[in-house]
Amino acid sequence: MSLFKARDWWSATLGEVEEFDQGCLSIADVDNSGSGQDKIIVGSYSGFLRIFSPHPAKAGDGVQAEDLLLEVQLRDPVLQVEVGKFVSGTELLHLAVLHPKKLSVYSVSGTLGNVQHGNQHQIKLMYEHNLQRTACNMTHGPFGGVKGRDLICIQSMDGMLMFFEQESYAFGRYLPGFLLPGPLRYSPKTDSFVTVSSCRQVESYKYQVLAVATDADTKKDIEQQKIVSGKKVLADWILNIGEQALDISIVTYNHTVFSIFVLGERNFFCLKENGQIRFMKKLEYSPSCFLPYCSVSEGTINSLVGNHNNMLLVYQDVTLRWAAQLPHIPVAVKVASFQEMKGIIVTLSDSGHLQCSYFGTDPSLFQAPKVESRDVNYEELDTEMKELQRIIKEATKTQDIWPKIEKVDDLTLLANVSPVLDVVSFTIRTRLHVQKTVLSISVPPFLALTHDQFIFHSIDPGMPKSISTSVFLKGNCSPADLDGSAVVSYSTPTELNPEGVSRVAQCKFRLPLRLVCLPIQPSKAANHKLTIDTNKPPVNLVNLFPEFVERSDDDQVNVVGFQLLAGHKVTLLASKTSQRYRIQSEKFEDLWLVTKELIMRFEEYFLKQGIKDFTCSFCGPIPLQEYFELIDQHFEIRMNTEKYEKLLSERAVQFRAIQKLLLTRFKDKTPAPLQNLDTLLDGTYRQVIGIADATEELQNSLFRAFIKLKTATQLIILLIGLWQKLSNEQINILESTFLPLQQDGQELGWEESVDAALSHLLRTCLSKSSKEQALNLSSQLSIPKDTSKLKKHITLLCDRLAKGGRLSLSADSGSQHSILMPGETVDLQEKDTEAGI
């Protein structure tokens, strides 16, 4: 409990689910009783209007029946309530209520009661104005220096100021450069309106400037003011405060000291009448409302500032004088006089907590008990500590700090792939009732699904849902892999959350090789060949690829042919005498799928045989030249794409320039000859269409080249791993280095990304000296001029791996794995510098 808090003098809770804001609270003697007793007027967004006159028997009492003078429900939400001299012919106070599409002015009167029910109050509609635009807020005052009456100015959501001279509409003016409405206040001393625009500027507009400006019913009329005779709406002064404003207040002290207070999101400002800053205060919290008022000290002004920490603070200029705790976050604060008590603070929260309070302190009635003085027995403390440590140790053996997740998942997703066909089926099983279930399936590029998403509104336990979809080859390029994934999102309703808690389950599946290739007769001619060695006797290829070879009683089958549907022929040969297997094809990238499938089927075959020490190896050399050709092809297409995109941008600029020239001539009252501009426009349009089509085709070619490069890169990584017998962690480092992108682009491409990753490896874990480790990399990636440096780095990576280098991401890996061959006297630092490491 805070010692400094706002003492509750009277409080009330308004409604149950109503909402309120800063304009919903007003304090005035609205019924013109003449007693000087203020009343509290509160409106809500639900349309309720309430008037209170607090009379607590003792401080802290809640609302009594006689405290509520009036409660009516209006048809429209109440945006703001104000009290002033709004009716002509009388200087009595009346109540103005602002609705989104209407302004209503009421008189509030009381009737003396003759029975125990007490006095009765009622409101009478004096007049109302239907608004053509949606209102935001309003302000009132003696506009233009009139005496004995108040005029009303309403700001609409589209930036129009609508002026009402009591029962009649005067005129409307649009604020220049308007985007969003801000707080609005009228300054009687300068006869001007102060607001804060969406440009985060405090702007002041003279009433006389607004009155004599050209009338504008729409925003389009503002543009016509430049042509039509008449004065434009110009600001008297502008001050940039650099933040949005929550509220504005005008304070006049003894008719001499005039100040404009603006409450921002992180500061509040005090301005002079000419817009100069008198002082400002930086707030270390998020404010919610404020109220400046005159101070008892000469030349100073106090300010009440409420914040979102349930605090109400009092500042004297910029000095904090008092801070009190509130039971709610105030959105509006006023000062009132009740029962000859001046200075009662009235606060209103957004949920309808209305409280009248004053500042004070709570005396502390708590007395700390006396502590018994006794000597510390360290032996007993040691025994107790050991016992507690034993209990903690036994408890950690049986249970974890965090509760364990049940072994049985709420929902399981199973995938079943047909070994020879293109059908994939999924089964969803659940042990609880789940709802909002969405199954999404994804496959690699150049493979497509007949249906990639399935929606189930609810699934009951014990009633599994099964669906099937087909996968097919789409495009003229083979996919880089055959791995797919499925993700199902669902919600499990609970007692606390009937809508359900969102959860996700996923599974991966591998598509059959038969989906992308067909069996054919083997071919002896091939430009690219790979040889894989194993440590086990030769295996009959019928057992490895039964869907590609027909079973027979003949000798062992040692050759199988594959025809890629979007590629070339691939032939697999097994040696009859040795433990070697050869894969060959006309295209280097086409070797990948068959090579990967061969190694995976080897592992599955020997695992079924109970053999766990099976290994594959590659004797080298790594086919880098074939790999470099694919890199050059990809880079060339990428450069051509960039060139065509620049050309397309130039033609587009030319096309727009010709359009502007033609438009200017067409608008002229006496147009000049076109001078073949129409022919030039047509020719430029045809060039734009042609270059756009060529650019689109190049982008498609670039995507196909990237998939081929990705396929070859995976093959190179596999061969390097078999060549140097790398662990899974080291292979993951290679994959992160050579395949950093899922999709290639012009802003960030494959070449510069891989080159930066290779340079990092070569100067850290594969470095030869401390000088290389000290070299810095460029912090900005840009497309290279050519691929020579990238190819040098790839070659250097293979050389250092061959000389004993090992991949590692530890911080001291460079010093642990420095490479130096026996008899080598020339440091490779010069070569590495040439390569740009």
So how do TYR358, TYR253, TYR581 rank on accessible area, 1.4 Å probe, biggest first, that is with the largest at the start?
-> TYR358, TYR253, TYR581
Under a 1.4 angstrom probe, counting protein chains only, how are LEU809, LEU381, LEU762 ranked by accessible area, largest first?
-> LEU809, LEU381, LEU762
Area accessible to solvent at SER156, 1.4 Å probe radius, in Å² = 0 Å²
If you keep only loop residues by DSSP, which GluC sites (Glu not before Pro) in the stretch 679-754 have at most 11 other Cβ atoms within 10 Å of their Cβ?
-> GLU747
Which whole-number percent is the relative contact order of the stretch 648-763 (Cα, under 8 Å, 6+ apart)?
-> 19 percent
For the chain, whose charge dipole is built from +1 on Lys and Arg Cβ atoms and -1 on Asp and Glu Cβ atoms, the candidate among VAL305, THR139, GLN122 with its Cα farthest towards the positive end is THR139
Distant alpha-carbon pairs in the stretch 42-154 (separation over 19 angstrom), percent = 53 percent
Let me know the charge dipole size of the stretch 675-723 about its Cα centre in debye, to the nearest 20, where only the beta-carbon of Lys, Arg (+1) and Asp, Glu (-1) is charged.
-> 440 debye
Considering only GLN675, LEU663, TYR644, whose Cα is most displaced toward the positive end of the charge dipole of the stretch 642-689, charges sitting on Cβ of Lys, Arg (+1) and Asp, Glu (-1)?
-> LEU663
Mean Cα-pair separation over length for the stretch 634-713, i.e. relative contact order, pairs under 8 Å, 6 or more apart, % | 52 percent
Which percent of Cα-Cα pairs in the stretch 417-492 sits in each 5 Å bin, short to long?
-> 3, 14, 25, 21, 14, 11, 7, 3, 1
Over the chain, what is the mean sequence separation of C-alpha contacts under 8 Å (at least six apart), divided by residue count, expressed as relative contact order in percent?
-> 6 percent
Estimated dipole of the chain in Debye, rounded to 20 [Cβ of Lys and Arg +1, of Asp and Glu -1, Cα centre] | 1440 debye
Starting from the Cα-Cα distance between GLU284 and SER458, subtract it from 0.36 nm times their residue separation and give me the gain in nm to one decimal.
-> 57.7 nm
Want the number for LYS646 to GLU604: 0.36 nm per residue separation, take away the alpha-carbon distance, what's left?
-> 9.9 nm
Among trypsin sites (Lys or Arg not before Pro) in the stretch 510-546, those in a DSSP loop whose Cβ has at most 13 other Cβ atoms within 10 Å are LYS524
Is there a pair in LYS231/LYS272; LYS587/LYS785; LYS596/LYS725; LYS102/LYS231; LYS272/LYS342; LYS643/LYS785 whose C-alpha atoms are over 19 Å apart, and which pairs would that be?
-> LYS231/LYS272; LYS587/LYS785; LYS102/LYS231; LYS272/LYS342
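So, R0 is 22 Å and r is the distance between the beta-carbons of THR494 and ARG431; what FRET efficiency does that work out to, to 0.05?
The computed FRET efficiency comes out at 0.90.
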Signed unit charges on C-beta, dipole axis of the chain, positive-most listed residue PRO546, ALA526, VAL376 = ALA526
By how many degrees, between 0 and 90 and to the nearest 10, does the Cα long axis of helix 591-608 differ from the longest principal axis of the chain?
-> 80 degrees
Low-density loop positions, trypsin sites (Lys or Arg not before Pro), the stretch 657-764 - DSSP coil, at most 16 other Cβ in 10 Å = LYS669, LYS725
Helical mean residue ellipticity (222 nm; -39500 (n - 2.57) per DSSP H run of 4+; nearest 500) of the chain | -8000 deg cm²/dmol
Dipole magnitude of the stretch 40-120 about its Cα centre (Cβ charges: Lys, Arg +1; Asp, Glu -1), debye to nearest 20 | 260 debye
Quick one, which of (1) 399; (2) 185; (3) 356 is the actual volume of the Cα convex hull per residue in Å³ calculated for this model?
-> (3)
Flagged as over-length at 30 Å C-alpha distance, from LYS189/LYS281; LYS101/LYS206; LYS58/LYS334; LYS612/LYS791, the pairs are LYS612/LYS791
On a 0 to 90 degree scale, rounded to 10, what angle separates helix 788-802 from the longest Cα axis of the chain?
-> 60 degrees
Using the alpha-carbon atoms, what tilt in degrees (0 to 90, nearest 10) does helix 378-398 show relative to the longest principal axis of the chain?
-> 60 degrees
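The values are calculated or read from the model by the stated rules, or taken from the named source; none is laboratory data. Given the structure is predicted, the values throughout are model-derived calculations rather than measurements. Here the Cβ is made from the backbone with ideal geometry for all residues, glycine too, and neighbour counts use every protein chain on show. With ligands, DNA and RNA removed, areas are computed over all heavy atoms of the protein, side chains included. Shrake-Rupley method; radii C 1.70, N 1.55, O 1.52, S 1.80 Å.
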